[in-house]
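One structure is given here, and the rest of the page talks about it.
The values are calculated or read from the model by the stated rules, or taken from the named source; none is laboratory data. Predicted, not measured: the structure shown is a model, and the values here were computed from it. No Cβ is skipped: glycine too gets one built from the backbone with ideal geometry, and neighbour counts run over all protein chains shown.
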Amino acid sequence: MLLKAIQKAGRTAFELPQKLLSYAFGNSLNPLGYLGSLTIFFLWIVLISGIWITIFFHTSVVGAFESVEYMTVDQWYLGGVMRSLHRYASDAAIVTLVLHILKEFSFERYRSARWFSWVTGVPLLWLIIPLGITGYWLVWDQLALYVALTSSEMLDALPIFTDPMARNFLTVDSLSDRFFTLLAFTHIVGLPIFLVFAIWIHVFRINRPKVNPPRKLMVGALLAMLVLSIVYPALSQGKADPSLVPQSLALDWYYLLVYPLLNYWPPATVWVLLIGFSLLICIAPWLPPARKPAVVEVDLENCNGCERCVEDCPFGAVEMAPRSDGTKYASEAVVIADLCLSCGICVGACPTATPFRKRAALSPGIDLPDQSIATVREMVTAATLNLEGNRRLLVFACEGSHAPEKFIDAETAVVSLTCMAQLPPAFVDWVLSRDHADGVVLQGCPHGDCQYRLGAKWTEQRMSRERDPQLRKRVDTEKLALLWTEPWSDFPATGKAIAAFRDTLAAPAEKVSTRLTPRKHRLRPLGVALAWSLFAVSSVLFTVWPRFSQLTEGNAIISLSFSHAGQRRQACHKLSQEELNKLAPNMRNPFDCPRERYPIHVSFSVDGQVLYNENVLPSGLWDDGESTVYHRIELPAGSHKLSIGMSDSGRQQGFDFSGQTELTLAAGQQAVVEFDNLQKTFIFR
Ligand code: HEM
Ligand code: SF4
Ligand code: SF4
């Protein structure tokens, strides 16, 4: 199936970076395991640097650019660094965010009960991108002008404003400081508040969400951004000048990816694309509907209300409720079926899930109907029955392990589980003390990047006796190996590791030097530095390359931009006394003026060739408002004869107003044709 093939390709693409990063950082610090929390950390940098910038920023047309220049040039050592941090951390957040989405998708961590986190991610995109866009707008350089015009054209396609917003950015006179204040408020206060709230909603259903990355990763991320800011400071692209259209812009593709589409498609089409794409992401968890395995069930007879299942469930799918069966315990576990992913981690947490129990029907307080703990006990007994020799290994493999059955031989048995943390530590004790095997391998998801979020962590903590239920002290941990599988392609490496562990089992005790239980990984400084450098480059690369050109080289732009009210379709009619008497006293207006206006007809030609010829309807519910013309025309630079005519009286022939001029346009120049409603003349600027 296509979807499966795309996901497989995605997983394969993650494989090599994941492996290299694990080599440099170790499994527990692999940055690919903290993409969501790294995004949050970069947003923190954005927030703090943003506060500094706000102190020096002037929210006015004249002051905005100057104040940013002051920070960048005069105060480069602090303001400039803060500005660069603000920009690059924003871009870094998009890099980690895109990886976060791709990873959740490729590893299928967005379906079933996870739909909530996935769907609530979509509004985050709709907040974070406008946050970046409004940020670029505030700088009021040439890129800002492009952003202002293009954003306005997008917004003008929505039925919100009667007067096109884009007209505000065509001439210097049309700009107002009030607009800048509104924009600054949106960027600094409005959008961030919604973003914080939306992030909270995004993670609030998850148990112990990784909101902060480990400290070492934070230090690395901050240093990477700081070095980048000092080595390659963020700069503005020349003061905004509405009379010029820059031939080439360094576009921030992370935030402005869709804007160049407006060169080819009308804004309405781009909206349809964006909304359609968002809806597609929203319904992705149900495409096609996933088969939901049976969720865990609580057996009150065996539940003592210890709350460990609540503590350990990664998805908040178990809660405690007052006891309902009249026993001495105060509370009981209750499963919220809609949130349960049937990972079995709660079963591994339950103190009653012990294979030593004498009763034939081993029934813990909480259990998976499709793979009960009694079934696991039977599977172990059956799998190990015919093992030979004194180096017999039992490998417990979780569903993320790659083809564990390949390891089966005369000395090795394999039992597959959903998640490694489904295995109560008592099983390791039982396997070894009842002589089912000489050693136990727990083979979990690649790099400990648990498919069920916390399975790897809980397994490590339970086996190293830091978390309840703990591995009993009597278990010889030299006989236990925790082996987070190498990725799919690395089957031989996993095989080698298992063989190495088997060798230690047969070796005399004093010769055993390695144990495959989790070891503290030492960071490899060169690898770590290289990884952060590459990350820093990836955060800046698409803000400067490829450059974007709004205009074909050597062309200029003419914008038609004006509003004018057509004449009323019917003249006012003076009411006779008789007609007035028929009206209620408070309605007796001596004139009856029908409100409806004519559309205006505008025809614009360049060098005798008609390039715009439209009937523009009046605005307003009653067709009584102004008609508004906003249209941009690209044409070769040079001298041109411009001619425009407008009729507002519904006449079929000729124009009520007209204007002509000859303009010499330089390449990249923008001229504007306006209509002065007081003087009733066209103005060419
Ligand atoms: C500002 C943007 C975002 C931030 C800061 C963010 C952050 C996070 C964090 C911190 C987690 C918890 C990770 C864990 O503890 O395992 C998470 C989970 C998740 N996020 Fe995001 N996220 C963002 C956007 C998105 C988007 C756009 C999507 C997809 C459309 C998405 C999909 C998911 C999913 C499916 C999970 C649940 C993973 C699981 O249950 O294993 N996120 N996110
Ligand atoms: S099976 Fe997994 S998701 Fe379901 S309640 Fe247990 S720990 Fe939570
Ligand atoms: S871990 Fe087991 S005994 Fe404890 S509350 Fe959950 S189901 Fe009950």
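Given the condition assigned to a loop (DSSP other than H, G, I, E, B), free of Cβ contacts under 8 Å to residues at least 40 places away in the same chain and either among the β-branched types (Val, Ile, Thr) or under 28 Å from residue 315 (Cα atoms) (or both), answer yes or no: does some residue in the range 398-415 qualify?
Yes, the range 398-415 contains at least one residue that is assigned to a loop (DSSP other than H, G, I, E, B), free of Cβ contacts under 8 Å to residues at least 40 places away in the same chain and either among the β-branched types (Val, Ile, Thr) or under 28 Å from residue 315 (Cα atoms) (or both).
Conditions: (1) within 16 Å of ligand 1 (Cβ to nearest atom); (2) within 23 Å of residue 98 (Cα to Cα); (3) modelled with pLDDT of 95 or more; (4) aliphatic (A, V, I, L, M). Residue 287 meets all but one. Number of the miss?
(3)
Looking at the range 211-233, which of its residues are out of contact with any Gly (no Cβ under 8 Å at 6 or more places or on another chain), in a loop (DSSP other than H, G, I, E, B) and within 20 Å of residue 77 (Cα to Cα)?
Hit for the range 211-233 is 232, nothing else.
Restricting to the range 102-121, name every residue that is away from ligand 2 (no atom under 16 Å from the Cβ) and surrounded by fewer than 18 Cβ atoms within 10 Å (Cβ to Cβ).
Scanning the range 102-121 gives 102, 107, 119.
List the pairs whose first member sits in the range 370-392 and is touching a residue at least 60 places away in the same chain (Cβ under 8 Å), whose second member is of a type in the set (A, V, I, L, M, F, W, C) and assigned to a loop (DSSP other than H, G, I, E, B), and whose Cβ atoms are under 9 Å apart, counting only residues at least 6 apart or on separate chains?
370/294
Can you find a residue in the range 320-329 that is near ligand 3 (Cβ under 8 Å from one of its atoms), surrounded by fewer than 17 Cβ atoms within 10 Å (Cβ to Cβ) and under 34 Å from the mean Cα position of the chain (by Cα)?
yes
Which members of the range 445-486 meet the condition of being in a helix (DSSP H, G or I) and among the aliphatic types (A, V, I, L, M)?
Of everything in the range 445-486, those that are in a helix (DSSP H, G or I) and among the aliphatic types (A, V, I, L, M) turn out to be 456, 463.
Are any of the residues in the range 30-50 crowded, with 20+ Cβ neighbours inside 10 Å, within 26 Å of residue 175 (Cα to Cα) and in contact (Cβ under 8 Å) with a residue 12 or more places away in the chain?
So far as the range 30-50 goes, yes, one or more of its residues are crowded, with 20+ Cβ neighbours inside 10 Å, within 26 Å of residue 175 (Cα to Cα) and in contact (Cβ under 8 Å) with a residue 12 or more places away in the chain.
Can you name the residue in the range 172-210 that is among the charged types (D, E, K, R) and in a helix (DSSP H, G or I) and, of all such residues, is surrounded by the most Cβ atoms within 10 Å (Cβ to Cβ)?
177
How many residues does the range 118-132 contain that are more than 10 Å from ligand 1 (Cβ to nearest atom) and in contact with a Leu (Cβ under 7 Å, 6 or more places away or on another chain)?
Final tally of qualifying residues: 1.
Identify, please: which residue in the range 155-171 is surrounded by fewer than 21 Cβ atoms within 10 Å (Cβ to Cβ), in contact with a helix residue (DSSP H, G or I) (Cβ under 6 Å, 6 or more places away or on another chain) and aliphatic (A, V, I, L, M) and is, among those, farthest from residue 95 (Cα to Cα)?
Selected residue: 165.
Check whether at least one residue in the range 279-287 is away from ligand 3 (no atom under 14 Å from the Cβ), touching a residue at least 60 places away in the same chain (Cβ under 8 Å) and of a type in the set (Val, Ile, Thr), and report yes or no.
yes
Within the bounds of the range 359-378, is there any residue that is within 16 Å of ligand 3 (Cβ to nearest atom), surrounded by fewer than 16 Cβ atoms within 10 Å (Cβ to Cβ), within 39 Å of the chain's Cα centre (by Cα) and not in a loop (DSSP other than H, G, I, E, B)?
There is no residue in the range 359-378 that is within 16 Å of ligand 3 (Cβ to nearest atom), surrounded by fewer than 16 Cβ atoms within 10 Å (Cβ to Cβ), within 39 Å of the chain's Cα centre (by Cα) and not in a loop (DSSP other than H, G, I, E, B).
Among the residues of the range 97-114, which ones are farther than 23 Å from residue 213 by Cα and either within 16 Å of ligand 3 (Cβ to nearest atom) or part of a helix (DSSP H, G or I) (or both)?
Listed by number, the residues that qualify are 112, 113.
Within the range 316-358, restricting attention to residues that are under 12 Å from residue 297 (Cα atoms) and in a helix (DSSP H, G or I), which residue is farthest from ligand 2 (Cβ to nearest atom)?
337
Condition (residue is touching an Asp or Glu at 6+ places or on another chain (Cβ under 9 Å) and basic (Lys, Arg)) applied to the range 433-442: is it met by at least one residue?
Within the range 433-442 (the criterion being touching an Asp or Glu at 6+ places or on another chain (Cβ under 9 Å) and basic (Lys, Arg)), the answer is no, since none of the residues qualifies.
Mind listing just one residue for me: the one in the range 333-358 that is near ligand 3 (Cβ under 7 Å from one of its atoms) and farther than 21 Å from residue 450 by Cα and, of those, surrounded by the most Cβ atoms within 10 Å (Cβ to Cβ)?
Here the answer is 333.
Quick one: count up the residues across the range 640-670 that are of a type outside the set (A, V, I, L, M, F, W, C), farther than 20 Å from residue 629 by Cβ and in contact (Cβ under 8 Å) with a residue 60 or more places away in the chain.
2
If you scan the range 442-464, which residues turn out to be more than 28 Å from the chain's Cα centre (by Cα) and polar (S, T, N, Q)?
The answer is 443, 459, 461, 464.
If you check residue 460 against the conditions, is it without any contact (Cβ under 8 Å) to a residue 24 or more places away in the chain and either buried (at least 22 other Cβ atoms within 10 Å of the Cβ) or of a type in the set (D, E, K, R) (or both)?
no
Tell me, please, whether a residue that is in contact (Cβ under 8 Å) with a residue 40 or more places away in the chain and under 20 Å from residue 401 (Cα atoms) can be found in the range 466-481.
Looking for residues that are in contact (Cβ under 8 Å) with a residue 40 or more places away in the chain and under 20 Å from residue 401 (Cα atoms), one finds at least one in the range 466-481, hence yes.
Would you mind telling me which numbered condition in (1) within 11 Å of ligand 3 (Cβ to nearest atom); (2) not in a loop (DSSP other than H, G, I, E, B) residue 381 fails?
(1)
Under 18 Å from the mean Cα position of the chain (by Cα), closer than 16 Å to residue 446 by Cα and of a type outside the set (Phe, Trp, Tyr): is that true of residue 17 in this structure?
no
Read through the list (1) near ligand 3 (Cβ under 8 Å from one of its atoms); (2) without any contact (Cβ under 8 Å) to a residue 40 or more places away in the chain, then give the number of the only condition that residue 304 fails.
(2)
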